[in-house]
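Worksheet for the structure shown next.
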Amino acid sequence: MSFVEINFDGLIGPTHNYAGLSFGNIASANNAGQTARPRLAALQGLAKMRALMDLGLPQGFLLPLERPNAHVLRGIGFAGTDAEVCAAAWAADPGLLRNVSAASAMWTANAATVSPGPDTRDGRCHLSVANLSTMLHRSIEAPETEATLRTIFADTRHFAVHGPVLAKLGDEGAANHMRLCAHHGAPGVEVFVYGEQRAGGFPARQDRRAFEAIARRHGLDPARTLFVQQSVAAIDAGAFHNDVVAVANETVLFTHEQAFEDPQALYDAIRTRLPEAVVVEVPASRVSLADAIRSYLFNSQLVSLPSGGMALVLPGEAQETPSVWTWLQELVAGNGPIRQLIVKDVRESMRNGGGPACLRLRVAVDAAAMAAIDPRFLLDDGKWEGLHRLVEAHWPETIAPDDLGNPDLWETCWSARRALRAHLGLAG
C-alpha cells in the first residue's frame, strides 16, 4: 500500500518575539531583545509550506497555542480576568509573562515523536507528545499540543496519541529522532538520539530513558531500534537538538562528522539493518561545527521528490555561509541521492534558533490513514490563501521587548487566534 509523508508545519503565532528564553540556543541568546516581526515570520513560514506543496508533497499545519497563557499564570497564584492576570504577572515578574507568551510551539519538530504503522506492533501510527521539560516556556506546551494532536489524529483505527512521559525524563520529540527506511511504507530503523548530563556546558535536553519508554509504548521492534548518544562537542557548540547536526530521510543519513559520540558504530548499525542506507557525512575539515550551527545546514528538510531523488529545503543562512554553500554545490554536482537545493527565507524563525526542519513534524501514512486525518489541518491552495490573508489581517507587525507588557498586544494576539479558530471552524 502506498505511503506518503506529510509535513505538519507550525503556523507561527502572533506573539513571536525575541525574549532569549532558551539556554543553549545560541541564536536565541544572540538575538534577545531585538524587535520581532510576527506577521513576517508567519508569512515566511507559509511561504515554506507553499514551496513543499509546489513540489507535490502533502502539507499540513498545527495551530499556534493560546499566548499569553493566562491559565498557567492562574495556576501559580495570579487571579482575575485574563488581562488582570497578565498585568499582575508583568508587574510582579516580567520573566513569567515572557515565558507564557512564547510562540515556541511553532517548532513542531518538538511537538511529538512519531512512529509510522510499518514500524509498530499494532500497525497504527503512534505519536508521543513531548514534555519539553528542560525549558520553562516550552514545558507548558504539552497539554495544548496533546489536545491538538488528538483532534487531528482522532481515528483510533489508524492512530494512537500518547501523552508525555514523566517530566523528570526530558523529552524534546522528533527533533532528536530519525527514521531510515527503503521507502516511507517499508519497515524502518528508528534512531533515538539522547544526551548525557554532565557538570558545566549547555544542558543535554533529551533523556535516553524517555526515548526507551516511547519505543516500548509505540511497540517498536528492538532489533530495528537504535539509541545513540549525541556528541558532547555538538551540544557545547550549540546543537541543542540533534536535528541541528543531522537529518535522515528514507535511505539517506545526512550528518556532520561530529554529530555523534561514536559515529562509526551508528553507521555500521544502520547498514546492518538497512544495507541500502547511504551516509552522507560532512567532514569538519570542510564545514566546522560552528559554521554548521550558524547556517543550520542540517536543520534542513530532506524530502523525497515525486519525480525521484531528494531535495534539501535550506534556510537562506546556508547559502550565505561560504564553506556550507561550496560543499553543497559539490554535493548536488555529484551522482548522489540529494539532487536539488531549495533555499527559503525563514529568517525570523532562525533568529530564535529554528530552521526549516524545526518548523515541521513528519507523519508517514497510507491512503486510509490519510483519509482519516482531520481535513481542517491539511492544506490545499484555497486554505493556504485563506491563512495568508488571515495572518496579514490579524498578526501584529512588530513586537519590541517591552511590548509584551502591553494589554493592547495581549488582546490583539488573543483576537488573532480566535479569528484563526473561527476561520477553521474550530470551537473556542
query = Quick one: which of Glu261, Glu250 is out of contact with any helix residue (DSSP H, G or I) (no Cβ under 8 Å at 6 or more places or on another chain) and not hydrophobic (A, V, I, L, M, F, W, C)?
reply = Glu250
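Which of the helices (runs of 4 or more DSSP H) contained wholly in the range 316-428 include at least 2 residues that are in contact with a strand residue (DSSP E or B) (Cβ under 7 Å, 6 or more places away or on another chain) and surrounded by 13 or more Cβ atoms within 10 Å (Cβ to Cβ)? Steps first, answer last, please.
Numbers: elements: 316-319, 322-333, 347-350, 367-372, 381-394, 407-424.
It comes to 316-319, 322-333, 347-350, 367-372.
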key: Conditions (1) open to solvent by 10 Å² or more (accessible area, probe 1.4 Å); (2) outside any loop (DSSP other than H, G, I, E, B); (3) touching a strand residue (DSSP E or B) at 6+ places or on another chain (Cβ under 7 Å): number failed by Glu144   = (3)
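Residues are listed down the side, and each one gets a yes or a no for (1) open to solvent by 10 Å² or more (accessible area, probe 1.4 Å); (2) under 21 Å from Asn299 (Cα atoms); (3) not charged (D, E, K, R):
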| site | (1), (2), (3) |
| --- | --- |
| Ala27 | yes, yes, yes |
| Leu43 | yes, yes, yes |
| Asp54 | yes, yes, no |
| Phe61 | no, yes, yes |
| Arg74 | yes, no, no |
query = Has the range 167-189 got at least one residue that is at pLDDT 95 or above, open to solvent by 40 Å² or more (accessible area, probe 1.4 Å) and more than 26 Å from Leu302 (Cα to Cα)?
reply = no
task = Just name the residue that is farthest from Gln230 (Cα to Cα) out of those in the range 175-190 that are hydrophobic (A, V, I, L, M, F, W, C) and within 22 Å of the chain's Cα centre (by Cα).
result = Cys181
request  = Quick one: which residue in Gly170, Gly95, Gly185 is of a type outside the set (Asp, Glu), without any contact (Cβ under 8 Å) to a residue 12 or more places away in the chain and not in a strand (DSSP E or B)?
outcome  = Gly95
note = Scanning the range 10-35 for residues that are out of contact with any Pro (no Cβ under 9 Å at 6 or more places or on another chain) and outside any loop (DSSP other than H, G, I, E, B) gives Ile26, Ala27, Ser28, Ala29, Asn30
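Conditions (1) within 30 Å of Gly188 (Cβ to Cβ); (2) of a type in the set (A, V, I, L, M, F, W, C), marked per residue:
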site: Gly355; (1), (2): yes, no
site: Leu361; (1), (2): yes, yes
site: Met370; (1), (2): yes, yes
site: Leu378; (1), (2): yes, yes
site: Arg389; (1), (2): no, no
site: Ala393; (1), (2): no, yes
site: Pro396; (1), (2): no, no
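Quick one: would you say Arg138 is touching a residue at least 12 places away in the same chain (Cβ under 8 Å) and part of a strand (DSSP E or B)?
No: the conditions fail for Arg138.
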message = Would you confirm, using the coordinates I've provided, whether Ala88 is surrounded by fewer than 20 Cβ atoms within 10 Å (Cβ to Cβ) and either of a type in the set (Val, Ile, Thr) or without any contact (Cβ under 8 Å) to a residue 40 or more places away in the chain (or both)?
response = yes
task = Scan the range 194-208 and report the pairs whose first residue is at pLDDT below 75 and whose second residue is of a type outside the set (Gly, Ala, Ser), with Cβ atoms within less than 8 Å and a gap of 6+ or a chain change.
result = Gln197/Pro203; Arg198/Val232; Gly201/Val232; Gly201/Ile235; Gly201/Asp236
ask   = Within the range 117-129, can one find any residue that is among the hydrophobic types (A, V, I, L, M, F, W, C), open to solvent by 10 Å² or more (accessible area, probe 1.4 Å) and either assigned to a strand (DSSP E or B) or in contact (Cβ under 8 Å) with a residue 24 or more places away in the chain (or both)?
value = no
ask   = Which residues, taken from the range 194-226, are under 15 Å from Gly173 (Cα atoms) and assigned to a loop (DSSP other than H, G, I, E, B)?
value = Gly195, Ala204, Arg205, Gln206, Asp207
ask   = Looking at Asp155, is it in a loop (DSSP other than H, G, I, E, B), touching a Leu at 6+ places or on another chain (Cβ under 8 Å) and either closer than 22 Å to Leu62 by Cα or open to solvent by 30 Å² or more (accessible area, probe 1.4 Å) (or both)?
value = no
key: Flag if Asp93 is under 30 Å from Ser307 (Cα atoms), among the acidic types (Asp, Glu), out of contact with any Lys or Arg (no Cβ under 6 Å at 6 or more places or on another chain) and surrounded by fewer than 23 Cβ atoms within 10 Å (Cβ to Cβ)   = no
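The values are calculated or read from the model by the stated rules, or taken from the named source; none is laboratory data. Computed from a predicted model, the values in this text were never measured in an experiment. Using ideal geometry, Cβ is built from the backbone for each residue, glycine included, and neighbour counts are taken over all protein chains shown. Side chains included, ligands, DNA and RNA excluded: accessible areas come from the protein's heavy atoms. Shrake-Rupley method; radii C 1.70, N 1.55, O 1.52, S 1.80 Å.
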